[in-house]
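To start, the structure under review is shown below, and the notes come after it.
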Amino acid sequence: MIEYSTDLFDRVSVERMAERLERLLVGLSADVEQALGGIELLSPVERVQILESWNDTALSVPGKNISELFESQVERSPDGLGLIWEEEELSYAEFECSCEPACTCVCGMRGSDLRMS
């Protein structure tokens with residue numbers, strides 16, 4: 001039996017903490033020289049849930065380069081806030097207009113012709 005403050009913890013959380021404490025104590029008793037960080041506190045189910053299920057952050061990305069993505073954003077919201085630099089704010093359309101001459105000068109091509117690799 002474990003006593004705990006029901007104002008702070010629910011039964012399931014206390015049971016999980018007790019299970020982890022038990023794993024820690026069993027691990028230490030098996031090898032007193034073992035570093036604490038080497039003892040697995042998570043159950044196999046918890047480990048899969050945390051490291052695989054909750055961490056499934058794969059994201060499909062459109063097959064466009066950064067320049068094409070930016071141009072799409074300009075088309076969707078030309079008046080939306082596209083850049084803040086110190087005290088200056090530019091809409092997406094204004095930012096695109098200010099980038100075009102630099103791309104042409106530096107690269108000899110339009111911004112839409114640039115490819116990121």
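Descriptive notes on the structure:
- Taking GluC sites (Glu not before Pro) across the stretch 7-91, the ones in a DSSP loop with at most 13 further Cβ atoms lying within 10 angstrom of their Cβ are Glu33, Glu40, Glu86, Glu87.
- Here the Karplus relation 6.51 cos²θ - 1.76 cosθ + 1.60, evaluated at θ = phi - 60°, turns the backbone of the stretch 66-73 into coupling constants of 4, 5, 5, 5, 5, 4, 4, 5 Hz, with x for every Gly and Pro.
- Ranked by how many other Cβ atoms sit within 10 Å of their own Cβ, fewest first, the residues Tyr92, Tyr4 fall in the order Tyr4, Tyr92.
- When each of Met17, Met1 is scored by the number of other beta-carbon atoms lying within 10 Å, the sequence from fewest to most is Met1, Met17.
Each reported figure results from applying straightforward, stated rules to the coordinates on display, with no laboratory input. All values reported here derive from a predicted model rather than from experimental measurement. Ideal geometry is used to build each Cβ from the backbone, glycine not excepted, and the neighbour counts take in all protein chains shown.
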